[in-house]
Each structure stands twice: as C-alpha cells, then as structure tokens.
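A short write-up of the structure that comes next.
The values are calculated or read from the model by the stated rules, or taken from the named source; none is laboratory data. Since this is a predicted model, take the numbers as computed values, not measurements. All Cβ positions, glycine included, derive from the backbone under ideal geometry; neighbour counts span all protein chains shown. Accessible surface is based on the protein model in full, side chains and every heavy atom, while ligands, DNA and RNA are left aside. Shrake-Rupley method; radii C 1.70, N 1.55, O 1.52, S 1.80 Å.
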Amino acid sequence: MMEIKSDTSIDAMREAGRIVAHALAAVREAAAVGVSLRELDGAARAVLAGAGAGSPFLDYRPNWAPIPFPAVICTSVNDAIVHGIPDHYRLRDGDLVSIDCGATLDGWVGDAAVSFTVGRARPEDVRLIATAEEALQAGIAAAVVGNRIGDIAHAVGRVCRSAGYGIPDGFGGHGIGRHMHEDPGVPNEGRPGRGMTLRHGMVLAIEPMVIGGGTDEHHTAGDGWTIRTTDGSRASHAEHTVAITDDGPRILTAL
Ligand code: MG
Ligand code: MG
C-alpha cells in the first residue's frame, strides 16, 4: 500500500533520516585500508545506539533470503552491487565500497546509501561513483508534485545509460515510511509520463545502481544475499529517502 504522510510524519521521518546520514558519515570516516567490514558495521551500530534508533536491516528476512540479515549496514565491495553482508574482509587499497544503511526512530524508517573508494582510487571508479550520484540527483529533481514514477525512473536511467553503464534489473527504489519497503516501486529505468502520479506527502527511497562493465547481468552470491555483477566489473550505489512536497523534493537522509 502507498501511504500519504502528514507534514508532521515527514518531520519525524527526517529525524530517522538524519541518523542514517550520521551513521553513513561515521562509516565513511572509519573506512580505511586494513579496516574490516565488521568494524564498519560496528561504527554504524554505535551511531544508531547513541541516537536510540533501531535498525530495519538487522534480522530483516524477505521470503527469498536463506538467513536473516545479520548487520545494520550492507557492505558491497567492488563487484558486489548491493546487499553485501559485513564480514571479516579487510579493505584493500583501491577498493570501491558501497554502504547502505537504515534507521528506525519512533516507528519511522530512513534508508540511504553511499559509495566511495579507500586508498588510491582508480579513475574509472571515481567516474562510476560520480555517475550514480548524478543519477540520484536527477531522480530527486524529477520527484516533484504532478510528475509520475516513470519520470523519476527515466531521469535515473538516462544518466546511467548515457555514461555507458549497466543497470541491474529487478532492483530499485521504493516507497518508505513505517516500513522500509512500501509501494510504489521506483525502477531505475523507465518511460516518462507512466506510473503513479506524485503527490505531496509521498516519501520515496530513490537508489540508482550502476555496473561499470556496461552489461546488466548480475547474480546472487553463495551467501544468498550479496548481488554481484556477472562480468566481475565494479558497481556503485547511491540512495536518499526523499519526501515529495508542494515546496519541492525534501531529502530526509542528508546530514
Ligand atoms: Mg538502502
Ligand atoms: Mg532502499
């Protein structure tokens, strides 16, 4: 179901989103060559605990998942696109890391993701990360009253395709509120003028993912969670939770 949020509810979602932003900033601050993915999860856990927030990721188990998700962030390194499980892997020079984080506060959920490199960045990774960010900004710019879901999808997809990157089908954004995943789905590619009309009070997570190798192919790794590129090329992910308002899009997961 798709719920229209009151202005008061959007303000409450902003507080959940702010905690997500702080957690992502803490993870980014902690990330360095030699630091383990578990340690990054610990940095995010400390922020959530300090803010009195819960995690919508921890113990999340959709029907396709073999185990409940064991962490408060997803850590997707290099050819991992999304849903990577933080383990004992230690970051290496030049790794491209995508971090996805959620927080629940007073029953409201925020969801955001950021990608960055550690150590010496490869120029192609810098471009990949910049493109996902640019696609996110294009999607947010299209998240205005009177537009349709297809306008967001088209804006996101056009940036990714113009740069020559692949887009993993079957993954994308979503409505968000008291649950992490609500209607409507927000695809990362689509036709303008199609889909649900955007109204004041809708809140959406917009989250482009790009595959550097240019193909769309991806698969689920042996852990049942991690989504990897099939060609082994690197991927980048960016996400914000955004409220659609009469005053324009309001990013709820900014610092
Ligand atoms: Mg997310
Ligand atoms: Mg999301």
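Below is a table of values for the structure above.
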read-out: Among residues of segment 131-151, those that are within 18 Å of residue 254 (Cβ to Cβ) and assigned to a helix (DSSP H, G or I), counted; value: 10
read-out: All positions within segment 1-38 that are modelled with pLDDT under 95 and among the aliphatic types (A, V, I, L, M); value: 1, 2
read-out: Residue list for segment 1-26, restricted to those being among the β-branched types (Val, Ile, Thr), closer than 19 Å to residue 183 by Cα and surrounded by fewer than 19 Cβ atoms within 10 Å (Cβ to Cβ); value: 4
read-out: Cβ-Cβ under 8 Å pairs, at least 6 apart or on other chains, segment 61-73 side in contact (Cβ under 8 Å) with a residue 12 or more places away in the chain, far side polar (S, T, N, Q) and part of a loop (DSSP other than H, G, I, E, B); value: 72/55
read-out: Sole residue being modelled with pLDDT under 95, within 14 Å of ligand 2 (Cβ to nearest atom) and part of a loop (DSSP other than H, G, I, E, B), chosen from 56, 62; value: 62
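Here's the yes/no breakdown for (1) among the aliphatic types (A, V, I, L, M); (2) away from ligand 1 (no atom under 15 Å from the Cβ):
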| residue | (1), (2) |
| --- | --- |
| 73 | yes, no |
| 111 | no, no |
| 118 | yes, yes |
| 126 | yes, yes |
| 157 | no, yes |
| 168 | no, no |
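Yes/no matrix, rows are residues, columns are (1) touching a residue at least 24 places away in the same chain (Cβ under 8 Å); (2) touching a Lys or Arg at 6+ places or on another chain (Cβ under 9 Å):
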| site | (1), (2) |
| --- | --- |
| 168 | yes, no |
| 173 | yes, no |
| 177 | yes, yes |
| 187 | yes, no |
| 207 | yes, no |
| 217 | yes, no |
| 222 | no, no |
| 234 | yes, yes |
| 248 | yes, no |
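Residues are listed down the side, and each one gets a yes or a no for (1) open to solvent by less than 10 Å² (accessible area, probe 1.4 Å); (2) within 16 Å of ligand 2 (Cβ to nearest atom); (3) touching a Gly at 6+ places or on another chain (Cβ under 6 Å); (4) charged (D, E, K, R):
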| position | (1), (2), (3), (4) |
| --- | --- |
| 66 | no, no, yes, no |
| 70 | no, no, no, no |
| 77 | no, no, no, no |
| 81 | yes, yes, no, no |
| 90 | no, no, yes, yes |
| 98 | yes, yes, no, no |
| 101 | yes, yes, no, no |
| 112 | yes, yes, no, no |
